[in-house]
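Asks: Please see the structure below; I have some questions.
The values are calculated or read from the model by the stated rules, or taken from the named source; none is laboratory data. This is a predicted model, so every value here is computed, not measured. Cβ atoms come from the backbone with ideal geometry, glycine included; neighbour counts cover every protein chain shown.
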Amino acid sequence: MPWQEVSTVSLRQEFVMLATAEGANVRELCRRYTISPKTGYKWLGRYRRAGPEGVADRSRRPHRSPTRTPFAIERAVLAVRVAHPAWGGRKIRAVLRARGHQTLPSPSTMTAILRRHGQIAPEAGRKHTAWRRFEHDAPNRLWQMDFKGHFALLHGRCHPLTVLDDHSRFAVGLQACGDETGRTVQARLTACFRRYGLPEAMLMDNGSPWGSDVAHPHTPLTAWLLRLGIRVCHARPYHPQTQGKDERFHRTLKAEVLGTRVLLDLATCQREFDRWRAVYNLDRPHEALGLAVPASRYRASPRVFPEVLPPIEYGPDDIVRKVVVGGELSYRNRPFKVGRAFCGYPVALRPTQTDGLLDVFFCHQKVAQINLREHEDVE
């Protein structure tokens, strides 16, 4: 099948970055990108012979000269800034070096060029303070997911759904959604899982559609993720810094896309998201990655998305009960609340080291705890 019409060059670049990663399954990636193995290996061959230029539209690549004058360098710096108004000297220098410029001034000199041409406001450098964050040691160990605040379009409103790989900062998904329902999120995640595989865990906040209440935080959407074998993590209430990488991604999205234009409708918004996501993943140097691009640190997950959910199975020593309407299970002729998200599903009860206290598991994850003694006290 041919490449999709949207962002053909960026899809080629993304494909070869993932296909050349250590341990990559090229034929599986071809299937996920809906291209034939012949096409996939053709682009891999061009990439190995000519690097990124082998898969790009060569007519759009700037000509390079080893004898560029300072004026030419300054012009190149300004051209990158015009294309990406939120990028500073460090990012621009990394981009120009990646494009083949060998003799370049320091990042501070490039920042001075931008300032001299009125491209940087005097107070811009004092707006944000960087701080250290924990980072998982491999791709797909954890994905962060959230909705950025919705905003008005000329026709309707957009609710941007963002999914970010914690290790690489690779934007797995950036979707222009018309609402924030679990059904919408599941459909968009399914597309991500089919292309990039399944992560080991996903982190999200406590709001709808993936959060409920503190006592029973799960929803039908997170129950679906658990059935896929994905560990579900909820952020601490009122601590947005738990999802700091995704929050930072939202700021970048606002600065480079949403704050610079008014968009017509959801289809237009998605085209802009697709274009910018390719720039973010493949071209934009990330300071937290030592000015590498996210795609250089990402590889597709070997865990393939199952089109048919596997049956729920528990061990021979587990006490299995079915959750009924209202989110309750019955044990020793007493009802126990475990959450409406698991209605109709079997769960496993496992004794703890504390007498009368049992953990409740749904698939592989503990989702609740019941205390038999509390009910005895009531009686």
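Residues are listed down the side, and each one gets a yes or a no for (1) basic (Lys, Arg); (2) at pLDDT below 80; (3) closer than 30 Å to Val55 by Cα:
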site: Gly89; (1), (2), (3): no, yes, yes
site: Lys127; (1), (2), (3): yes, yes, no
site: Arg157; (1), (2), (3): yes, no, no
site: Asp179; (1), (2), (3): no, no, no
site: Phe193; (1), (2), (3): no, no, yes
site: Tyr196; (1), (2), (3): no, no, yes
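Asks: Considering only the range 151-240, give the strands (runs of 3 or more DSSP E) lying wholly within it that have at least 2 residues that are in contact with a Pro (Cβ under 8 Å, 6 or more places away or on another chain).
Replies: The strands (runs of 3 or more DSSP E) meeting that bar are 171-177.
Asks: Quick one: is Leu225 crowded, with 23+ Cβ neighbours inside 10 Å and not charged (D, E, K, R)?
Replies: When the stated conditions are applied, Leu225 passes them.
Asks: Let me ask something additional. Checking Pro316 against (1) closer than 21 Å to Leu221 by Cα; (2) exposed (fewer than 15 other Cβ atoms within 10 Å of the Cβ): exactly one of these is not met. Which one?
Replies: Every listed condition holds for Pro316 apart from (1).
Asks: Let me ask another. Hey, among the residues in the range 238-264 that are surrounded by 15 or more Cβ atoms within 10 Å (Cβ to Cβ) and over 24 Å from His167 (Cα atoms), which one's modelled with the highest pLDDT?
Replies: Ranking the qualifying residues of the range 238-264, first place goes to Leu263.
Asks: While we're on this one: Kindly indicate whether Ala341 is of a type outside the set (S, T, N, Q) and within 30 Å of Phe15 (Cβ to Cβ).
Replies: Spelling it out, it is not the case that Ala341 is of a type outside the set (S, T, N, Q) and within 30 Å of Phe15 (Cβ to Cβ).
Asks: Kindly evaluate Thr103 against the criterion of being more than 17 Å from Asp246 (Cβ to Cβ), surrounded by 13 or more Cβ atoms within 10 Å (Cβ to Cβ) and at pLDDT 75 or above.
Replies: Working: more than 17 Å from Asp246 (Cβ to Cβ): yes; surrounded by 13 or more Cβ atoms within 10 Å (Cβ to Cβ): no; at pLDDT 75 or above: yes.
No, not satisfied.
Asks: So, Thr162, is that one farther than 23 Å from Phe15 by Cα and not assigned by TED's automatic domain parsing to the domain that holds Tyr345 or not?
Replies: Numbers: farther than 23 Å from Phe15 by Cα: no; not assigned by TED's automatic domain parsing to the domain that holds Tyr345: yes.
Here the answer is no, as Thr162 does not meet what is asked.
Asks: Mind listing just one residue for me: the one in the range 188-222 that is hydrophobic (A, V, I, L, M, F, W, C) and closer than 14 Å to Gly339 by Cβ and, of those, surrounded by the most Cβ atoms within 10 Å (Cβ to Cβ)?
Replies: My answer is Trp210.
Asks: Now for a separate question. What tally of residues in the range 344-359 results from selecting those that are within 19 Å of His216 (Cα to Cα), free of Cβ contacts under 8 Å to residues at least 60 places away in the same chain and in contact with a helix residue (DSSP H, G or I) (Cβ under 9 Å, 6 or more places away or on another chain)?
Replies: Residues meeting the conditions: 2.
Asks: Right, another one. Which of the numbered conditions does His234 fail, given that it passes all the others? Conditions: (1) out of contact with any Cys (no Cβ under 8 Å at 6 or more places or on another chain); (2) closer than 30 Å to Thr268 by Cα.
Replies: The number of the failed condition is (2).
Asks: For the range 360-379, name all the residues that are out of contact with any helix residue (DSSP H, G or I) (no Cβ under 9 Å at 6 or more places or on another chain), of a type outside the set (Val, Ile, Thr) and outside any loop (DSSP other than H, G, I, E, B).
Replies: Phe361, Lys366, Gln369, Asn371, Leu372, Arg373, Glu374, His375, Glu376, Asp377
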